[in-house]
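See structure below.
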Amino acid sequence: MYCVQCGSAIPPEDKFCRSCGAPVYRAASGVQDVQPGSAVPVAQPAIQGVPPAYSGVPQPVYQGAPQPVYYVVQQPAHHTAQQLNILHSLQAKIQSLASTEQLEGFSLGQMFSDVFKKRSAEQVEDYMLVGSSKTTPAIDVVETGWPKPWLFFRVLATMIVAYLICTFMLLHLSDAGNMIPAVMILGSFAFPLATLVLFFELNTPRNVSLHMVAKLFVFGAVVSLGVALLGYTLPIFQLGTWEAGIVEEVAKLATVVIVMRSTRYKYILNGILFGATVGAGFACFETAGYALNSALLPGLLQGLEQGQTIPVATHAGIVAMLQILRLRGILAPLGHVAWTAIAAGAFWRVKQDKPANLSMFLDARFLKAFLIPVSMHAIWDAPAFMQLPFLGNDIITGLVSWYVVFGLVQQGLRQVQDEQRSHLQHTLQTVEASMQPPGSFAVS
């Protein structure tokens, strides 16, 4: 028997529901077994001509006759429970593949709570002066809680304002063709560069300088694009759209490992930053190439073929270029930057402070995690998934990628915590040994 209010099971001897306290309704001839979703009569008048209640069908109204009143048992929230189970199952599979744990103490609102706080120019400069032998903080004072980045937003706002100003001049002022390169550069670099600054702030050991990041950004972009272009010439990678996930992710990771060979950078957070740097450079250069080769030039040539004047045809090409810049710019943080951050972070989790070798690439923890950016990239470019409305394909793959990124960041923070504990224990042992009188032995 079930409760007519909440659908909970009720023992035969109970007169009230133990879950919601509703009274138990029984037919006159005995206990009525009420199933969830059925109509239960409160009063069933014996009036000739009034048909009996039938579950799920609206009852007719008869003039002049008392009408039976029905309560419909509410359906249990099975759909909500199933959705939660599916979400938890997906999270568990992602964590198993990435070898990460459930996020603890994580809140986007708390993380970005310092974005709009006022800071002086001196504070901003001091915040950026890190990574050298004199400006890298001691491991004891490194923050191990979730970081609160803020500089990335200022970079993004500055570049967006500059982009809008240049775009306005390009579209509304005469003889403003010289603004095309400025618009292309600002539109291609704004979001990837701001996301890179975000990863720079997530590197809580603060042992990587902006000089190193800038060098890796430029050199890494050039090398990774070159390796990718060479990879596309191989016959095996000319069978469909899926090859981008393999060619480009391998090219970017190989660039990170080749360029950043130093064992000085041993933290998972360092690897995440290096991957994001190469991914951001790759994204910027690739977007600029798409804006030029897939929008500006085709739009200009098409206009000329249609007999348009050069200014009109140029304007059509510029409009197409701006559309490419806006779309790829906004989606950049969901793609290359996050994907390469995952790949390099997973590799640095295995590498740590040792020189890179082939066995590290064959480590199961790295290989499983590396499948995530490769598969997300392949799904991103798959024609079947690109038909999803409202950029659903890009948003879904981006959310999965960033969930893995934050899982790796949490592991990086715990790695710093472990080193702090180890350093503290070593310091205590050193102090205890120095306090021992000469000729005595410490008792272990």
Exercise for the section: Confirm whether Val350 is in the same structural domain as Leu186 (by TED's automatic domain parsing), in contact with an Asp or Glu (Cβ under 8 Å, 6 or more places away or on another chain) and farther than 24 Å from Ala244 by Cα. Expected result: yes
Exercise for the section: Considering every residue within region 298-309, establish whether at least one is in a helix (DSSP H, G or I), at pLDDT below 95 and of a type in the set (Val, Ile, Thr). Expected result: no
Practice task
Determine whether region 276-297 contains at least one residue that is closer than 26 Å to Ala92 by Cα, in a helix (DSSP H, G or I) and touching a Phe, Trp or Tyr at 6+ places or on another chain (Cβ under 8 Å).
Solution key: yes
Problem - Selection status of Ala320, aliphatic (A, V, I, L, M), farther than 25 Å from Lys266 by Cβ and either assigned to a helix (DSSP H, G or I) or outside the structural domain of Thr255 (by TED's automatic domain parsing) (or both) - result: yes
Practice task
Determine the pairs where a residue that is surrounded by 11 or more Cβ atoms within 10 Å (Cβ to Cβ) and at pLDDT 85 or above, located within region 165-178, has a partner that is of a type in the set (Val, Ile, Thr) and part of a helix (DSSP H, G or I) with Cβ atoms under 7 Å apart, the partner being 6 or more residues away or on another chain.
Solution key: Cys166/Val183; Thr167/Val183; Leu170/Ile180; Leu170/Val183; Leu170/Ile318
Completion exercise
For region 134-186, the count of residues that are of a type in the set (D, E, K, R), more than 25 Å from the chain's Cα centre (by Cα) and within 18 Å of Thr204 (Cα to Cα) equals 2
Completion exercise
Of the candidates Lys252, Lys266, the one satisfying the condition of being in contact with a Phe, Trp or Tyr (Cβ under 7 Å, 6 or more places away or on another chain) and modelled with pLDDT of 90 or more is Lys252
Problem - Candidate set: region 422-436, residues that are polar (S, T, N, Q) and assigned to a helix (DSSP H, G or I); chosen: the one modelled with the lowest pLDDT - result: Ser434
Handout entry: Conditions (1) exposed (fewer than 13 other Cβ atoms within 10 Å of the Cβ); (2) at pLDDT 90 or above; (3) out of contact with any helix residue (DSSP H, G or I) (no Cβ under 9 Å at 6 or more places or on another chain); number of the one not met by Glu101
Key = (3)
Practice task
Search region 395-421 for residues that are in a helix (DSSP H, G or I) and pair each with any residue that is among the basic types (Lys, Arg) when their beta-carbon atoms are under 8 Å apart and the residues are at least 6 apart or on different chains.
Solution key: Leu408/Arg349; Gln411/Arg349
Problem - Asp140 being among the acidic types (Asp, Glu) and in contact with a Leu (Cβ under 8 Å, 6 or more places away or on another chain) - result: yes
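The values are calculated or read from the model by the stated rules, or taken from the named source; none is laboratory data. The model shown is predicted, which means the values in this text are computed figures rather than measured ones. Counting neighbours? That spans all protein chains shown, and the Cβs are built from the backbone with ideal geometry, glycine included.
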